[in-house]
1. Quick one: angle between helix 46-61 and the longest Cα principal axis of the chain, in degrees between 0 and 90, rounded to 10, please.
2. Ignoring ligands, DNA and RNA, what accessible area per residue does the chain give at 1.4 Å, in Å²?
3. Quick check: with the 1.4 Å probe, what order do L22, L37 take by accessible area, largest first?
4. Determine how many Å³ per residue the convex hull of the Cα atoms of the chain encloses.
5. First compute the accessible area of the chain with a 1.4 Å probe, then give the percent of it belonging to carbon and sulfur atoms.
Amino acid sequence: MNDAKKHCYYCIEKQDIIDYKLIKALTYYISNYKKILPPHYTGLCAKHQRKVASAIKIAREAALLPYVRS
């Protein structure tokens, strides 16, 4: 059985700033239906998952990311 655990990208790279203007980076954490992916798919820790979710929500408000698939 393969129990390979995903590690948080932001913890490994020692990055703490997740900016809502970096659309290309945020699209990795959104499904095809434009929903925010849960942490067991993204491999992020709880702290960075919350920051990514907040950045996605701000980007949606600023009309940089869509709410739904068109």
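The values are calculated or read from the model by the stated rules, or taken from the named source; none is laboratory data. Note that the structure is a prediction, hence the values are computed from the model and not measured. Heavy atoms of the whole protein, side chains included, go into the accessibility calculation; ligands, DNA and RNA do not. Shrake-Rupley method; radii C 1.70, N 1.55, O 1.52, S 1.80 Å.
1. Orientation of helix 46-61: about 10 degrees from the principal axis.
2. 78 Å²
3. Largest accessible area first, the residues go L22, L37.
4. 91 Å³
5. The computed percentage sits at 57.
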